[in-house]
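A short worksheet on the structure shown next.
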Amino acid sequence: MHRRPFRYNPPRSPKQLVLRRRLIDALARRFEVPLALVIGDAGFGKTSLLGQILEDGLQGLGQELWLGCEAADSSGAHLAAGLAHILGREMGSTTPTAEELATEIWHRAPHQVLLVLDDVHKIAPESEGMALLRTLLEELPSNGHLLLAARVPPPLPIQRLRVTGQLIYIDETMLAFDAAESAGFRKLRDIEENAGVVSWPALAELKIEVGPSGARQFVAEEVLQRLSPERRKVLAMLSLHGVVDRGFASCLGVEPHHIDEWVAHLPLTSCDATGSVRLHDLWREFLEEELTPEERHRALAALAVELSARGDLRRAFEYFSAIDDDLHMLKVVETLLNDFEMSLGQETFRHVLDSLPMRLDRDPRVELLRAAWRFQSDPPSAKPGLIRVAKELRKDDLVELEVVALFYLADLAYRSNGLAELRALHDRAELLAQRNVEEADALVSLCGVWSSLLSEPPHLTLRWLEEPELRRSRFAAGPLGFLAVATYYNWGDCQRALEESERVSHNLSGRFDSMLTSTLLMCRWHRGLIDEEVLERHTHMLDGMERAGHTHIAALGASAFAKIHASRGDHASAERYLARSARYQSPDASGWIKTCHELATASVAVLAGEEAVAAAGLQRIFGDGGATGLGVERNVAARSLALIYALVPETRACLLYT
């Protein structure tokens with residue numbers, strides 16, 4: 001079989017290239033995360049960037065092994081053979097599996113291993129090769145890392161990595177030249193300082209090669225003049241979106257079954273087996289004068305509606321914003337508000353919030369979205385805004401959105417042991433349910449679950465969790481699985497909690513996925529299932545949560561690690577995590593955060609033999625209810641303390657409190 005050039009080594013450019021220092025710096029953590037992605041179309045300099053990465057001086061941190069992908073890698077056996085080759089594994093009579101390749105990486109520990117795969121888009125999405133790559137990512141040991149470059153994002157399970165800060169993602173907007181790189185390009189190519197340089201690396205080179213008149217004139221003379229006016233207009237509409245399948249073509253009024261004919265024999269375009277076409281973004285620039293302002297407006301509106309129907313709200317919002325369509329921009333905001341778990345991606349939320357025009361800032365829907373976004377990283381700080389916007393929505397009788405605000409407020413009340421607040425929210429939800437407001441019944445039941453967790457035995461909480469309104473609710477879908485696991489944990493049945501987590505984990509996302517992970521760490525601790533690998537994996541997760549700004553989960557994780565290391569007799573690590581936990585003890589911190597910090601403090605005191613100090617701290621928790629009230633934290637605290645005394649070396653096997 002013919003081997004592609006540069007299969008096992010990166011190509012070297014005959015020209016001196018602009019040093020992409022900011023992108024190299026962005027990838028400096030590549031030995032700390034499981035996956036780094038570099039995504040951009042042809043001409044963005046992905047391969048050149050990877051070549052610079054391999055020369056940036058981090059080789060001392062581990063091995064960096066190159067594989068240039070080819071179409072034949074759609075075969076799992078072919079890709080496995082290539083990976084085995086760069087890993088130095090001798091090929092036997094059978095093809096190595098993803099698990100065996102992961103084991104090969106693990107055998108190189110403590111050395112780190114980074115597999116650098118270029119042109120991953122050449123591996124078919126539904127192929128054996130992509131399945132092998134997906135399994136390899138899932139099976140990677142802690143010393144294994146992937147750096148993948150492709151024209152489109154590969155179909156890999158990256159959401160959890162993204163949420164926990166364990167994914168580096170570089171896209172086309174980052175790959176484009178910034179001002180400093182444009183200046184560097186001018187210097188390398190000896191261009192006048194005041195000469196314009198486009199941000200697209202390939203076009204910048206093209207404009208140099210075809211002279212000062214630029215690429216536009218070249219394309220107009222050599223390509224566009226050969227096309228009919230009708231074809232130029234159709235191509236102009238298609239280029240607005242770039243990648244067009246039959247559905248997009250139909251919404252633009254183009255015959256969907258023959259869109260490939262419109263781009264036939266046209267440079268900088270491609271067509272796949274499904275009939276979808278891809279036009280390089282350069283065509284948008286070359287063809288912008290082929291559409292009247294009215295035609296462009298209609299085309300963008302049609303594309304935006306189609307994108308909304310497909311769930312691509314970020315791109316839809318961009319198009320609605322480009323044509324100043326406030327009505328549809330607010331509909332996107334409403335859709336995001338109904339995505340309680342941010343399953344559409346935090347990047348979409350951030351992009352919409354950053355791009356909203358100032359004229360919409362005082363709309364209560366926009367205010368609610370801003371409060372919901374703040375809730376994701378720092379729940380207590382979102383409370384004033386949620387209370388204010390809930391009142392505005394009630395005044396304007398926007399009751400469906402008021403329910404959304406009340407869901408967040410109920411979550412906050414649970415976190416801070418606000419039993420009275422939960423009961424007030426329960427009463428308001430009942431009034432809305434009587435008006436048949438969507439999701440109000442589920443809010444009534446969810447307030448019941450959280451109130452029960454704070455004030456009743458766990459078996460009563462489990463009865464609340466069986467309410468049919470909860471199982472039908474889109475808002476309750478996230479917390480429901482986590483709450484079931486947490487209830488079994490609070491009940492003391494850690495084995496059942498672990499079993500339940502296996503059943504519900506695939507339905508979780510966002511913060512509840514992270515909360516589930518933290519709860520399972522404590523379950524494993526109670527079951528004596530903590531080992532070095534588990535600790536290392538969860539340490540990376542905690543670091544990722546802090547980087548992502550998820551302060552509530554990071555605070556709970558820091559105190560949990562202090563307790564775990566104390567129980568293992570590691571005083572230095574316990575003190576270090578206790579100090580991290582202390583950073584989150586603000587006046588606005590929830591009762592849960594304060595309680596867990598008190599337990600961590602008591603754990604470290606017990607380890608140091610200062611049982612009187614531990615007793616004083618525990619008195620603050622239990623003496624008069626303290627921060628914890630009567631419910632979930634008291635149950636957890638009692639069992640955690642029991643384990644502290646049972647597991648910490650050189651301490652009595654007894655309890656201060658039961």
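The values are calculated or read from the model by the stated rules, or taken from the named source; none is laboratory data. Only a predicted model underlies this, so the values are computations on that prediction, with no experimental measurement involved. So basically every Cβ, Gly included, is an ideal-geometry build from the backbone, and we count neighbours across all protein chains shown. Each accessible area value is taken on the protein alone, full model and side chains, heavy atoms only, with ligands, DNA and RNA left out. Shrake-Rupley method; radii C 1.70, N 1.55, O 1.52, S 1.80 Å.
Estimated at the nearest 10 Å², the accessible area of residue 431 is 90 Å² with a 1.4 Å probe. Per residue, the accessible area of region 118-184 comes to 39 Å², computed with a 1.4 Å probe over protein heavy atoms only. Solvent-accessible area of region 88-182 (1.4 angstrom probe, protein heavy atoms only): carbon and sulfur portion equals 52 percent. Between the beta carbons of residue 354 and residue 109, assuming R0 = 51 Å, the FRET efficiency works out to 0.80 to the nearest 0.05.
Classify region 268-331: rounded, prolate or oblate, from the alpha-carbon gyration tensor (a ≥ b ≥ c, eigenvalue square roots; a/c under 1.5 rounded; otherwise prolate if a/b is larger than b/c)?
Oblate is the answer for region 268-331, as a/c is 1.5 or above yet b/c matches or exceeds a/b.
Full extension of the chain between residue 536 and residue 362 yields a length gain of 58.1 nm, computed as 0.36 nm times the residue separation minus the alpha carbon distance.
Once you sort the root eigenvalues of the Cα gyration tensor of region 19-141 as a ≥ b ≥ c, which label holds: rounded (a/c under 1.5), prolate (a/b larger than b/c) or oblate (the other case)? Display every interim value, and only then the final one.
Working: a/c = 2.02, a/b = 1.26, b/c = 1.60.
Because a/c hits 1.5 or more and a/b fails to exceed b/c, region 19-141 counts as oblate.
Can you give me the % of accessible surface on region 308-348 that is carbon or sulfur? Probe 1.4 Å, all protein chains present, nothing else counted. Intermediate results must be reported in sequence, preceding the final value.
Numbers: 770 of 1680 Å².
After summing per-atom areas, the C and S share lands at 46 percent.
The share of accessible area on region 364-509 that comes from carbon and sulfur is 48 percent, using a 1.4 angstrom probe. If ligands, DNA and RNA are left out, what is the accessible area of residue 347 with a 1.4 Å probe, given in Å² to the nearest 10? Only protein atoms counted, so the area is about 60 Å². Against the compact-protein benchmark of 2.2 N^0.38 Å, the Cα-based radius of gyration of region 360-448 scales to 1.01.
Computed over protein heavy atoms with a 1.4 Å probe, the accessible surface of region 364-475 works out to 42 Å² per residue.
Placing R0 at 30 angstrom, the Cβ-Cβ distance between residue 257 and residue 334 gives a FRET efficiency of 0.30 after rounding to 0.05. Residue separation of residue 529 and residue 124 scaled by 0.36 nm, minus their Cα-Cα distance, works out to 141.8 nm of gained length.
Taking a ≥ b ≥ c as the square roots of the eigenvalues of the Cα gyration tensor, region 322-414 is classed as oblate, since a/c reaches at least 1.5 and a/b does not exceed b/c. At the residue level, residue 122 shows approximately 90 square angstrom of accessible surface with a 1.4 angstrom probe and all protein chains present.
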